[in-house]
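Visitor: I'd like to ask you about the structure that follows.
The values are calculated or read from the model by the stated rules, or taken from the named source; none is laboratory data. As the structure is a prediction and not an experimental result, all values here were calculated from the model. Neighbour counts run over all protein chains shown; Cβ positions are idealised from the backbone, glycine included. To get the accessible areas, we keep the full protein, side chains included, count just its heavy atoms, and leave off ligands, DNA and RNA. Shrake-Rupley method; radii C 1.70, N 1.55, O 1.52, S 1.80 Å.
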Amino acid sequence: MDAQAEESFREFVAGRSTALLRTAVLLTGGDRHAAEDLLQTALVKAAGRWSRIDEPEAYVRRVLYRQQISRWRSAWRRREVVVAEPPEAGAAADGSGAVELRLVLRTALSRLTPRQRTVLVLRYFEDLPETDVARLLGCSVGTVRSTTHRSLTRLRALAPELASLGGTGRGPSPDFSTVEVQP
């Protein structure tokens with residue numbers, strides 16, 4: 001990599017890494033350490049091809065999605081959810097609905113399968129159309145639709161308090177953009 005390309009890569013990482021980490025956190029079900037590993041892997045792959053990449057952010061996001069797919073398909077994937085601290089039993093609400101909603105969403109997303117979580121992140125957080133999600137995941141549009149439907153049904157069962165995000169609970173898309181997910 002020449003000096004100009006290296007500088008361009010550094011600027012990209014400095015400017016976009018926070019947003020990319022947010023997506024990685026969602027893809028990994030709230031596991032920040034796994035998200036950092038996922039983002040680092042994507043950035044390493046991008047660095048090797050930097051001078052040939054036309055749309056850097058799109059390329060890095062595609063690598064994030066595909067790496068996450070590879071992780072969930074691998075046989076050695078861990079089944080447990082790793083958290084920094086054990087949850088406190090009976091903790092009182094702090095009065096902030098946004099914080100509580102964010103925690104509920106993160107917990108509910110972490111209880112979905114990796115494929116379900118990825119489809120929901122791509123459809124509603126990244127706001128991609130079904131055809132783009134199908135292309136990224138290497139499946140049919142029908143598979144994306146059925147996975148989305150099953151994922152939303154399970155998400156509603158796991159966290160009924162999220163129904164306020166989607167209105168009636170029967171509509172096709174909850175508005176996750178109102179929930180800020182901190183990496």
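Visitor: Per-residue HN-Hα couplings for segment 107-121, Karplus 6.51 cos²θ - 1.76 cosθ + 1.60 at θ = phi - 60°, whole Hz, x for Gly and Pro?
Guide: Values per residue, Gly and Pro as x: 5, 5, 5, 5, 8, 7, 5, x, 5, 4, 4, 5, 4, 5, 4 Hz.
Visitor: Here is a follow-up. Nearest 0.05, what FRET efficiency do ALA163 and ARG52 give at R0 = 41 Å with Cβ-Cβ as r?
Guide: Efficiency, rounded to the nearest 0.05: 0.35.
Visitor: What FRET efficiency comes out for ARG73 versus THR107 if R0 is 25 angstrom and r is the Cβ-Cβ distance? Round to the nearest 0.05.
Guide: According to the calculation, E is roughly 0.55.
Visitor: Moving on to the next point. Within 10 Å, count the other beta carbons around each residue, average over each peptide in 4-12, 24-32, and list them highest first. Show your work: numbers first, answer last.
Guide: Values: 4-12: 13.4, 24-32: 23.6.
Descending packing order for the listed peptides: 24-32, 4-12.
Visitor: Quick one: what are the phi-derived ³J(HN,Hα) couplings along segment 134-146, Karplus 6.51/-1.76/1.60 with θ = phi - 60°, whole Hz, x for glycine and proline?
Guide: For segment 134-146, the Karplus-derived couplings read 4, 5, 5, 8, x, 9, 7, 5, x, 5, 4, 4, 5 Hz, x marking Gly and Pro.
Visitor: If I model a spin label at GLU36 and ALA98 as a point 7 Å from the Cα along the Cα→Cβ vector, what separation in nanometres do I get?
Guide: 2.5 nm
Visitor: Enter the accessible area of THR41 (Å², nearest 10), with the probe set to 1.4 Å and all protein chains included.
Guide: Answer for THR41: close to 40 Å² accessible.
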